[in-house]
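Engineer: Have a look at this one.
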Amino acid sequence: MLNLRKVFSSFVALVLAVAASISVVAAVPANALADKNVVESNRVEAPLNLAVLIQDDVVARVGSELNVTRAFIRSLPAGSRVMVGYIGSGSLQVRQAFTDDLEKAAKALRVPIASTSGSPYNPYVGVVEALRRFDSTNGNRNAILLVSDGLDLSRGADLSSIVDPLDMQRAVREAKRRNVAVYSFFAPTVAITSYNRTAAAYGQGALNRLSNETGGRAFFQGTDFVTFDSYFVRLRRTLNERSATAY
């Protein structure tokens with residue numbers, strides 16, 4: 001009788017173990033499918049002509065966001081074309097002209113200089129220069145992703161020239177003429193916007209106007225940033241929403 005009880009107990013334990021393993025195996029594909037659905041839902045749906053522009057004197061922490069930026073470029077749908085440029089002293093530095101090789105574009109990203117030696121005359125001169133490189137003949141929607149503090153002190157520190165910069169107005173007109181939406185991520189520079197909240201707020205206001213008036217959107221939270229991850233999630237969602245309403 002004792003041996004039978006042992007055999008029965010062992011059999012029950014074996015059945016329970018097998019049942020448990022089956023439930024675990026069954027759960028894995030379901031979870032994997034759910035994760036895949038999340039990834040799919042976060043992808044940009046329509047091909048883009050996208051210029052990624054980074055102001056070269058943004059704080060060094062922006063360099064830690066290169067991987068998520070590369071991932072965004074690589075995740076764009078087939079048929080997309082990407083340009084990578086840096087807005088610094090002198091003219092716009094184009095690291096990669098428009099290409100449909102998304103891996104090549106992703107690899108063109110580099111760590112910003114993060115020094116006042118890389119400070120541009122103002123960020124909007126570089127935006128205007130980048131806008132002139134767009135060719136919309138392939139039928140894709142056109143967009144710029146601008147990483148900048150948005151602050152223009154090139155024509156003085158009076159309030160009117162800061163909140164409504166002349167070159168920002170030029171960028172808006174050029175973007176409208178070429179049908180390019182400007183999306184912007186605020187990042188402070190090593191200069192005044194890294195320690196002066198008022199200056200940061202003025203820069204954000206200019207970025208917000210640039211993006212709103214060109215059909216894009218500005219992304220910022222407070223006068224600093226922690227990570228670009230949430231910005232890219234919202235950017236993908238916004239691009240897909242505006243693509244859906246365009247047809």
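The values are calculated or read from the model by the stated rules, or taken from the named source; none is laboratory data. Everything numeric here is computed off the predicted structure, so don't read it as measured data. Cβ placement follows ideal geometry from the backbone for every residue including glycine, while neighbour counts extend to all protein chains displayed.
Engineer: Which condition does G118 not pass, out of (1) under 21 Å from the mean Cα position of the chain (by Cα); (2) more than 29 Å from E45 (Cβ to Cβ); (3) touching a residue at least 40 places away in the same chain (Cβ under 8 Å), if it passes all the others?
Structural biologist: (1)
Engineer: Does S184 satisfy the condition of being out of contact with any Cys (no Cβ under 6 Å at 6 or more places or on another chain), surrounded by 13 or more Cβ atoms within 10 Å (Cβ to Cβ) and in a strand (DSSP E or B)?
Structural biologist: Considered against the rule, which asks whether it is out of contact with any Cys (no Cβ under 6 Å at 6 or more places or on another chain), surrounded by 13 or more Cβ atoms within 10 Å (Cβ to Cβ) and in a strand (DSSP E or B), S184 comes out as yes.
Engineer: Taking the range 117-132 only, how many residues are in a loop (DSSP other than H, G, I, E, B) and either among the β-branched types (V, I, T) or surrounded by 18 or more Cβ atoms within 10 Å (Cβ to Cβ) (or both)?
Structural biologist: Within the range 117-132, residues that are in a loop (DSSP other than H, G, I, E, B) and either among the β-branched types (V, I, T) or surrounded by 18 or more Cβ atoms within 10 Å (Cβ to Cβ) (or both) number 3.
Engineer: Only one residue in L16, L48, L2 is modelled with pLDDT of 50 or more and hydrophobic (A, V, I, L, M, F, W, C), so which one is that?
Structural biologist: Selected residue: L48, the only one of L16, L48, L2 that is modelled with pLDDT of 50 or more and hydrophobic (A, V, I, L, M, F, W, C).
Engineer: To continue, here is another question. Would you please name the residue that is farthest from D149 (Cα to Cα), looking only at residues in the range 221-238 that are buried (at least 18 other Cβ atoms within 10 Å of the Cβ) and at pLDDT 95 or above?
Structural biologist: Among those residues, the one meeting the criterion is R236.
Engineer: Suppose we keep only residues that are over 23 Å from V172 (Cβ atoms), assigned to a helix (DSSP H, G or I) and among the hydrophobic types (A, V, I, L, M, F, W, C) within the range 195-247. Which one would you say is nearest to the chain's Cα centre (by Cα)?
Structural biologist: Ranking the qualifying residues of the range 195-247, first place goes to F232.
Engineer: I would also like to ask the following. Within the range 41-93, take every residue that is touching a Ser or Thr at 6+ places or on another chain (Cβ under 8 Å) and charged (D, E, K, R) and give me the one that is nearest to F225 (Cα to Cα).
Structural biologist: E65
Engineer: Please state which one of R177, R133 is out of contact with any Lys or Arg (no Cβ under 9 Å at 6 or more places or on another chain) and farther than 22 Å from N212 by Cβ.
Structural biologist: R133
Yes/no matrix, rows are residues, columns are (1) of a type in the set (S, T, N, Q); (2) more than 21 Å from F72 (Cβ to Cβ):
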residue: L166; (1), (2): no, yes
residue: A171; (1), (2): no, yes
residue: A187; (1), (2): no, no
residue: L207; (1), (2): no, no
residue: L210; (1), (2): no, no
residue: N240; (1), (2): yes, no
